[in-house]
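We did not get these values from a lab; they are worked out from the coordinates using the rules stated. This structure is a prediction, so every number in the text was calculated from the model and none was measured. Here Cβ is always computed from backbone atoms with ideal geometry, including for glycine, and neighbour counts include all displayed protein chains.
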Amino acid sequence: MFNKKVISEYIYKKNKILSLSIFLALNILFLTGCVNKNTYKPGNDKPFVLTTFTILADLARNVAGDRLLVKSITKPGAEIHSYQFTPSDIVKTKGAKLIIENGLGLEAWFSKFMISTGDIPNVKLTEGMKPLLIDGDAYSGKPNPHAWMSPKRAMKYVDKIVDAFITIDPDGALEYSSNASTYKAKLESLDKELRDSLSSIPKERRFLVTCEGAFTYLARDYGMKEAYLWPVNAESQVTPRRMVNLIKKIKENEVPTIFCESTVSADAQMEVAKSSGAVFGGTFYVDSLSDLNGPAPTYIDLLRHNVRLITKGLSISKVKK
Ligand SMILES: [Zn+2]
């Protein structure tokens, strides 16, 4: 009996000590959780950064993980070259830790925008990058700003984002670097996947015809020729001469299928298709992601979607009219 009592008291005490230890351990966990939560609260209190357009926002989110909130100034589908920013865009910059731009003359509105936002640091993701130049037409010799259309170059964008995030949040260095290497591995395999897909097109048909000359980097990476209605959307004027020149090139090269982009009207390109005998092969996403339910809600989806259309459109031979 006695022994039993002692034993049961001992067990009771032991349980009490155990409960106390668990209670303390849980408290420590809870407090630690609170500390982390206090540093990076979800929602509006989380430190946030802005990008000029949706594609950069997606790249930046892949680096930020849960540490930073990333928002795009322009919405999906917006024309980003000559975007007219609004007073509410300026209001949204309040409290931003960083603003990320592409550069190479892409965002014609950006310097004016930055003057209005006051003292927020900004980073140009193409800084130090050797651009491809626009060949011919009114913009001849100027840098082509669409460098993100090459996955290899997008990896360089990611490196720049990591550096910029570490500057504003040094404690996150390990997390940013680790997120970036996971994402760059995905871009590396995307590059291989796109190369494999495009190399299935017969060599003589690797000729890409678009509205904007935004595919120069992609065409260079994967050994394609390109022609377009206008060099950059900032100067998206369709002239009869540009249309006639393009129709001539399509006929000469027997291009079976031509395309246009989501942020501009495809009307002129439809006319070109009719006059040249080419098929209109669908809408590319280049300067903007689609919304979440569309075919290009992420940068990786965007390139996959475009390359799927190209591969399908150029694998057929031209129907002679
Ligand atoms: Zn563009």
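Relative to one another, the C-alpha centroids of segment 145-161 and segment 45-70 are positioned 15 Å apart.
In terms of other Cβ atoms within 10 Å, Thr52, Thr239 run from fewest to most in the order Thr239, Thr52. With K and R counted +1 and D and E -1, the other residues having a Cβ less than 14 Å from that of Asp301 yield a net charge of +1. Pairs over the 18 Å Cα-Cα cut-off, from the set Lys92/Lys160; Lys71/Lys94; Lys152/Lys203; Lys75/Lys142; Lys92/Lys112: Lys92/Lys160; Lys152/Lys203; Lys75/Lys142.
What do you get for Rg/Rh of segment 196-314 when both radii come from the Cα atoms and Rh is the Kirkwood radius? Don't jump to the answer; show the numbers that get you there.
Working: Rg = 13.4 Å, Rh = 14.3 Å.
Value, to two decimals: 0.94.
Along the axis of the charge dipole computed for segment 196-314 (Cβ charges of +1 for Lys and Arg, -1 for Asp and Glu, origin at the Cα centre), the listed residues Leu229, Ile250, Gly281 are led at the positive end by Ile250. Dipole magnitude for segment 196-314: about 500 debye, using +1 per Lys or Arg Cβ and -1 per Asp or Glu Cβ, origin at the Cα centre. Taking N as the residue count of segment 273-321, its C-alpha radius of gyration divided by 2.2 N^0.38 Å amounts to 1.35. Amide H contacts of Glu226 (H built 1.01 Å from N, in plane; Pro and chain starts excluded): Leu208 sit under 5 Å, all sequence-distant by 5 or more or on other chains.
For a footprinting-style exposure proxy, rank Tyr299, Tyr83 by other Cβ within 10 Å, fewest first. All intermediate terms of the calculation are to be shown ahead of the outcome.
Working: Tyr299 27, Tyr83 18.
Neighbour counts put them in this order, fewest first: Tyr83, Tyr299.
Taken over segment 46-136, the convex hull of the Cα atoms encloses 116 Å³ per residue. For segment 231-306 versus segment 162-196, the inter-centroid distance based on Cα atoms is 30 Å.
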